[in-house]
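Trainee: My structure is below; once you've seen it, I'll send some questions.
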Amino acid sequence: MKASAPRRPAVVLVSGGLDSATCLAIAREQGHDCYALSFSYGQRHAAELAAAARVAAALGALEHRVADGDDLAARVSLPAGDVGELGPGSGAQHGNAQFALLHGASPDG
């Protein structure tokens, strides 16, 4: 009997929206053991984090954690720009890019 290859872990940033749900689904389809990570950064609606938890559970993440992102803007600075459909003051301007850069800006990064 041939042993199956070990599954590789993947940390997937999950916001509760369609883009991050798609990323999580692709990672699972590619055979990864997925761990979902969301950030609490003062979102206007707590429903975003609740949606992230539902997406993580529905798509088979082994664990879902919510990290405190309140100091995110101070740690990672990106230029202001067009926020498109989100509108000013949504709290989501460049959010995904900031989250992706968070590790590189950390003291351990």
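Trainee: Which of the residues that make up the stretch 48-70 are of a type in the set (Gly, Ala, Ser) and at negative phi?
Mentor: Ala50, Ala51, Ala52, Ala53, Ala56, Ala57, Ala58, Ala61, Ala67, Gly69
Trainee: What number of residues within the stretch 40-68 are in a strand (DSSP E or B), at pLDDT 95 or above and surrounded by 13 or more Cβ atoms within 10 Å (Cβ to Cβ)?
Mentor: Here the count works out to 1.
Trainee: So which of Gly31, Gly17 ends up being exposed (fewer than 14 other Cβ atoms within 10 Å of the Cβ) and at pLDDT 60 or above?
Mentor: Selected residue: Gly31, the only one of Gly31, Gly17 that is exposed (fewer than 14 other Cβ atoms within 10 Å of the Cβ) and at pLDDT 60 or above.
Trainee: Those residues that are free of Cβ contacts under 8 Å to residues at least 60 places away in the same chain and either in a strand (DSSP E or B) or basic (Lys, Arg) (or both), I need them from the stretch 1-36; list them, please.
Mentor: If the condition is that a residue be free of Cβ contacts under 8 Å to residues at least 60 places away in the same chain and either in a strand (DSSP E or B) or basic (Lys, Arg) (or both), then Lys2, Arg7, Arg8, Pro9, Ala10, Val11, Val12, Arg28, Asp33, Cys34, Tyr35, Ala36 are the ones that fit.
The values are calculated or read from the model by the stated rules, or taken from the named source; none is laboratory data. Remember, it's a predicted structure, so these values are computed and weren't measured experimentally. Virtual Cβ from ideal backbone geometry, glycine too; neighbours counted across all protein chains shown.
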